[in-house]
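Trainee: Here's a structure for you.
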Amino acid sequence: MSRAVRLTLAASAAAIAALVIGMIAGGRAFPRIIPGLPDSGAVVRWGLPVSKLLMDSAGVVTVGLLLMAALLLPNDKGVLGKSALDYVKAASWAALVWAGSAFLAIVFGVAESIGRTVPQILERTILTSYATQTTQGVALTLVVLFGVAIALFSRGAITAGAAAGLLVFALVTLLPAPLTGHTSSSPNHDLATSSVSLHLLSLALWVGGLGVLALHALRKQPQLDVVATRFSRMALWCYAGVGLSGLFALVARLGALSDLWVSEYGLLALAKIVAFVLLGYVGYWHRQRTLTDLRAGKPRAFTRLAGGETLLMFATVGVAVALSRTPPPEYAVPADRAFELLGFPLPPPLTLSGIFTMWWFDLFFAVVAAALAGLYAVGVIRLLRRGDRWSWGRTAAWYIGVALLVFSTQSGLARYAKVMFDIHMIEHMTLSMVVPIFLVLGGPITLALRALKPAARRGDRGPREWITTILHSRFTKVVTHPLVATAIFITSTYALYFTPLFESAMNEHLGHIWMTLHFLISGSLFFWVIIGVDPGPHRLPYVWRLLMLFVTMPFHAFFGIALMMMGSVIASGWYEQLGRTWGDTLLQTQRDGGAIAWGFGEIPTLLVLLAIAVQWYKDDDRQARRADRRADRTGAGDPELDSYNDYLARLNRADKGE
């Protein structure tokens, strides 16, 4: 038996053992059976968590295999090497296991939900109803479909770009099932949803990457030192992401600190925390000792440590599955429908001081803002240390945009935006028409290209090469085309508010996140085409930029007028459930929102006009200085200017009769 097979079996045994211990500790292994009530039996009781463990493990392995192929292994000008192609093919089989175990979870989930044994529910109508009409069933069905899609597309992937796309697809596939469990029922479901999403993504990259790295070492594949060094850098960020998100996930589920040691859920969470601390220590040891040994030509020490860390990680996955099967402790929450929908009590009547004092912590956009501010600062500092210059105006523009993003998503404005349509419209317009202007003027892509070093190996792709590849990709050329960017910017607003999409987005935290991200991305695409200082596939003359601006902005005015003229309330089901009794009526706040949309466009229009004027002046000045330098270098003037002067001289001589 090969060492790779032994590691796989040992990791599986560690995960199953941790699951069994966790089920017993959480009281789910031998629950009390009440006579007269239906019971699905021990097969279903154990089959459901085992199938979910297999599903989670297969998903993590799929992510690890694609991560190894796309980012960790060096490639030759974007083409995967032999080892990377082998890992992509293995990801195809892992994705099939992922889809099959999700189907088993559907079967056992049906049996548990209706209290029947498996043979009793093997009927097409019962399975179909569960898979298409229940939240958990739909989530598992998506995993089945996406897993099969990943398996099929992996068969033809031969480039690093294709493997990276499949990696993103696999990370998205991880999210539906866990986000429909205890997370969706948590009182603070916004914080729980964001923290669990970040936790899963970080953990999958960390665990999957290390497992495949250990497999790579055991199989004595080439370039182990390069792969281990790259993974070590990424693992540090994953460790921080897992720790931060896990902390916030606990805060969202526990009513008091004492729940950590007085409840079964808290005890399992403590076990997971202990495993997390051990993993951190092992990772520190790995960075300090084994990477050095590996560079010195001693791979055996690295293999032993990586194998042990892999066992500990998969045991942690088993504990996590047991934790998902254990209900969190119950604690008193206000019997308030608004609290259930918002995650916080209905705010008091709107005041200006409330906008600036009632801050609301949104984990997702707090992480986004921190990443934008931190990475930009790192790039600027790296340039300054190198002796290069960077415009302080661009830096100021970038941090103004980040500050406005924080204010729009974390302040009292974010609270009232969920309750009142007119405040939501202020948030929408700020995120789509003000924040992107300052961000694109910051020149983040130019900064990254100047601050990042080229890949150490010729033909390989580091962060700098990935940025240039994305910039020159066909997708970027399409979405940044002036007509396409304008169409997305205009039509998406009408499609959102004049269809049921807006109410659906307001009802779900993930939907609200996607809506806010869409505001930012669509606005950034549009203003990048008009005033962006970064290199892009399409560079418009300044006259055409002005024309594009003046043609687009009236559509927002028309949108505002349409809102003011409507006689029905948009997303009335959402707003009526909140039970707001203060302030204007729902229809009046909607008309006020239309007035805001109608008049708000003057602010970004003025900012963009000012930016275009400055850029136009600087461009003319650069061209004039370039012409002067060319004339000084060649001893000749500007041909066009010389020709014009000759023409004037001829006219003058003709007037004098010469």
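The values are calculated or read from the model by the stated rules, or taken from the named source; none is laboratory data. Everything quoted here is computed from the prediction, not taken from an experiment. Reconstructed Cβ throughout: ideal geometry from the backbone, glycine too, with neighbour counts over all protein chains shown. Side chains are part of the model used for accessible areas, which takes the heavy atoms of the whole protein and leaves out ligands, DNA and RNA. Shrake-Rupley method; radii C 1.70, N 1.55, O 1.52, S 1.80 Å.
Trainee: Express in Å², to the nearest 10, the accessible area of Lys82 obtained by rolling a 1.4 Å probe over the protein heavy atoms while all chains stay in place.
Mentor: Taking all protein chains as shown, Lys82 has close to 150 Å².
Trainee: Over all alpha-carbon pairs in segment 392-504, figure out the percentage whose distance exceeds 24 Å. Spell out each step's value before the answer.
Mentor: Working: 2965 of 6328 pairs.
Every Cα pair in segment 392-504 considered, those over 24 Å come to 47 percent.
Trainee: Heavy atoms only, 1.4 Å probe, whole protein assembly: order Ile521, Ile612 by accessible area, highest first.
Mentor: Ile521, Ile612
Trainee: Next question. 5 Å is the cut-off here: which amide hydrogens, built 1.01 Å from N in the peptide plane, fall below it relative to Val79, excluding neighbours closer than 5 in sequence?
Mentor: Result for Val79 returns Ala160.
Trainee: Taking θ = phi - 60°, what integer Hz values does the Karplus form 6.51 cos²θ - 1.76 cosθ + 1.60 yield along segment 345-353, in sequence order, with x for Gly and Pro?
Mentor: x, 4, x, x, x, 5, 9, 5, 5
Trainee: Taking a 1.4 Å probe, which of His509, His518 shows the most accessible area, and what order do the others take after it? If you can, show how the numbers build up before the last one.
Mentor: On the way: His509 15, His518 70 Å².
Largest accessible area first, the residues go His518, His509.
Trainee: Looking at segment 339-411, which trypsin sites (Lys or Arg not before Pro) are in a loop (DSSP not H, G, I, E or B) and have at most 12 other Cβ atoms within 10 Å?
Mentor: Within segment 339-411, the qualifying trypsin sites (Lys or Arg not before Pro) (loop, at most 12 other Cβ atoms within 10 Å) are Arg386, Arg389.
Trainee: Which residues does a label at Val484 reach in segment 519-543, if reach means a backbone N under 12 Å from a point 7 Å past the Cα toward the Cβ?
Mentor: Correct set: 537-538.
Trainee: Please go through the residue pairs Lys418/Lys477; Lys77/Lys453; Lys52/Lys77; Lys77/Lys477; Lys453/Lys618 and name each one whose alpha carbons sit more than 27 Å apart in this structure.
Mentor: Lys418/Lys477; Lys52/Lys77; Lys453/Lys618
Trainee: Using the Karplus equation 6.51 cos²θ - 1.76 cosθ + 1.60 (θ = phi - 60°), what ³J(HN,Hα) coupling, rounded to whole Hz, does each residue of segment 563-570 give in order, writing x for Gly and Pro?
Mentor: 3J(HN,Hα) across segment 563-570, in whole Hz: 5, 5, 8, 6, x, 10, 8, 6.
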